[in-house]
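Notes to accompany the following structure.
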Amino acid sequence: MSFVKMIKALGAPVILLSAIAGSKVDAQSSLNDVLEEVRKQGQAVSAENRQREQEFIARRNEQQALLNSAQQALAEAERRSDQLKAAYDANEQTLTDLTETLRVRTGDIGELFGVVRLAAGEALGMVQGSIITTQKPDRGQIAGVLAEADGLPSIAQLRELQFLLLEEMAASSSVEKFTTEISASGGAKTQGEVVRVGAFNVVNSDGFLTFSNETGGLQVLDPQPAARFTGPAKSLVSASAGTLVEFPIDPSGGTLLSLETKKATVGERISQGGPVGYVIIGIGIIGIGIALWRLLILSGLGGKMKRQLKGGEPKPDNPLGRVLGVYAENRNADFETLELKLDEAIMKEVPPLESGQSLIKVFAAVAPLLGLLGTVVGMINTFQAITLFGTGDPKLMAGGISEALVTTMLGLIVAIPLVFMHTLVTSRSRSLIEVLEEQSAGIIARHTERT
């Protein structure tokens with residue numbers, strides 16, 4: 001082994017060995033010095049190594065303690081993790097069960113909430129359109145609150161809604177008198193006493209009132225319906241408590257009464273028939289007047305003839321008296337002459353007795369024909385309106401259709417009584433002529449027996 005390698009094996013610094021190797025001193029002394037130096041340095045290194053070893057052992061023991069502590073902490077954490085996992089799994093199951101329960105209960109509550117809102121909305125519409133609101137204007141607030149609510153209602157609110165519905169039912173069967181604001185047709189508002197008949201009609205001393213959904217108040221119905229409706233209404237207002245009064249009820253809340261007021265009067269209906277309608281009415285009046293006049297004359301002649309039949313001298317104021325007068329003048333004539341004289345007398349009496357019958361018959365036949373003529377004229381006017389304006393607006397065709405239907409109606413109205421009156425006049429005159437013929441035959445038979 002060389003000297004340098006030996007120095008390295010002993011742990012001497014290389015720089016020192018290099019310096020010694022390059023020294024010019026004596027070999028023996030140099031070796032002793034080197035040995036001594038190496039020994040000192042070896043002792044120093046050994047002491048340093050021992051210190052390092054002790055520090056390493058101490059740190060190893062400390063690391064082992066830390067490792068043992070970490071292992072214990074890991075074991076505790078794993079045990080805690082197992083416990084938490086078990087708790088987590090249990091909570092997951094509980095949460096699943098509670099979620100399902102919440103879903104079911106939320107569905108039931110949501111359905112209940114929807115039903116309540118629907119019922120409240122219907123109740124609000126009913127209250128706003130009810131005439132009972134004019135007497136109790138603030139009673140629909142709870143329905144409005146529940147109809148717009150975002151959450152479930154309370155028990156108290158549900159009871160208020162129930163009370164509102166029961167109150168509406170109870171009020172619809174009562175007749176009450178109260179004072180409220182009334183709007184006239186011109187817009188003026190006055191305070192007046194009115195009578196409410198259930199939930200159907202409200203009347204005052206002027207007649208029927210209507211309920212306005214827009215203003216929530218009452219206004220006078222203009223025009224009023226026929227007297228057969230307004231009469232009982234006024235009687236109800238002036239009636240005392242406990243009095244039974246017949247009253248027409250409008251279950252639509254005024255719609256039917258409004259339609260009743262829009263019905264055409266007799267004059268308006270006649271005017272819809274146009275000129276043809278007026279002609280038909282004129283014919284009807286003339287024909288019925290002639291028929292009544294003839295019935296009156298025939299009834300008077302019939303009464304005189306009955307009195308003449310009871311006996312007495314022949315009177316010239318009736319047909320039978322005049323026929324008997326001819327017999328009295330020709331009492332001594334032969335059979336053939338007497339028969340001819342009586343036939344001639346009867347033939348003279350027949351035309352006056354049958355007077356007017358043909359004219360009544362003509363009027364009865366002409367009236368429906370004029371109605372048919374009016375129908376044709378009305379349809380022509382209708383088609384002209386369609387040609388000019390099309391079928392977009394039915395009101396433009398209503399005039400022609402009304403004329404067509406009204407003239408047909410007027411023709412039938414006139415023709416039916418005229419036919420009936422013609423039958424009455426004809427049968428009455430025929431009965432009087434038969435009396436004359438019967439008496440004439442009897443006179444001839446008695447005359448023949450005497451001769």
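The values are calculated or read from the model by the stated rules, or taken from the named source; none is laboratory data. These figures come from a predicted structure and were not determined experimentally. In this analysis, Cβ positions are derived from the backbone assuming ideal geometry, glycine residues included, and neighbour counts consider all displayed protein chains. Accessible surface is based on the protein model in full, side chains and every heavy atom, while ligands, DNA and RNA are left aside. Shrake-Rupley method; radii C 1.70, N 1.55, O 1.52, S 1.80 Å.
With respect to the chain, whose longest principal axis is taken over its alpha-carbon atoms, helix 227-238 is tilted by about 70°.
Over the stretch 166-261, the hull volume per residue, using the convex hull of the C-alpha atoms, is 103 Å³. Taking 0.36 nm per residue of separation and subtracting the current Cα-Cα distance, fully stretching the chain between Lys189 and Thr99 would add 26.3 nm. Modelled this way, with points 7 Å down the Cα-to-C-beta line, the labels at Arg159 and Ser29 are 12.7 nm from one another. Subtracting the Cα-Cα distance of Ser240 and Ala333 from their residue separation scaled by 0.36 nm leaves 25.0 nm. If you wrap the tightest convex hull around every Cα atom of the chain and split its volume per residue, you get 533 Å³.
Could you do me a favour and compute the accessible area per residue for the chain, 1.4 Å probe, result in Å²? Mind showing how you got there, number by number?
Values: 28660 Å² over 451 residues.
The answer is 64 Å² per residue.
Of the residues Pro351, Leu338, Phe363, the one whose Cα sits farthest toward the positive end of the charge dipole of the stretch 290-363, with +1 on the Cβ of Lys and Arg and -1 on the Cβ of Asp and Glu, is Phe363.
For the pair Glu167 and Gln71 in one chain, pulling the backbone fully straight at 0.36 nm per residue adds 26.6 nm over the alpha carbon distance.
Shown here for the stretch 267-358: trypsin sites (Lys or Arg not before Pro) in loop regions (DSSP other than H, G, I, E, B) with at most 11 other Cβ atoms within 10 Å, namely Lys310, Arg331.
A 1.4 Å probe over all protein chains sorts His422, His447 by accessible area into His422, His447, starting with the largest. For the stretch 113-167, the fraction of C-alpha pairs farther apart than 12 angstrom is 61 percent.
The angle between the Cα long axis of helix 155-171 and the main principal axis of the chain comes to about 0°, on a 0 to 90 degree scale. Accessible-area rank, largest first, for Ile285, Ile182: Ile285, Ile182, with all protein chains present and a 1.4 angstrom probe.
List the pairs from Lys341/Lys361; Lys306/Lys348; Lys304/Lys348 whose alpha-carbon separation is above 23 Å, in the order I gave them. Among Lys341/Lys361; Lys306/Lys348; Lys304/Lys348, the Cα-Cα distance tops 23 Å for Lys341/Lys361.
Placing +1 on the Cβ of every Lys and Arg and -1 on the Cβ of every Asp and Glu, with no other charges, gives the chain a dipole of roughly 600 debye about its Cα centre. Round to the nearest 10 and give me the degree value, 0 to 90, for the angle of helix 27-128's Cα axis relative to the longest principal axis of the chain. Roughly 10 degrees, rounded to the nearest 10. When a 1.4 Å probe is rolled over the protein heavy atoms, the share of accessible surface on the chain that falls to carbon and sulfur comes to 60 percent. Taking GluC sites (Glu not before Pro) in DSSP loop conformation with at most 12 other Cβ atoms inside 10 Å as exposed sites, the chain has its longest uninterrupted site-free stretch at 247-451. A crude spin-label estimate for the pair Glu53 and Ala90, with each label 7 Å from Cα along the Cβ direction, gives 5.7 nm. For the chain, the relative contact order works out to 10 percent when only alpha carbon pairs closer than 8 Å and six or more residues apart are counted.
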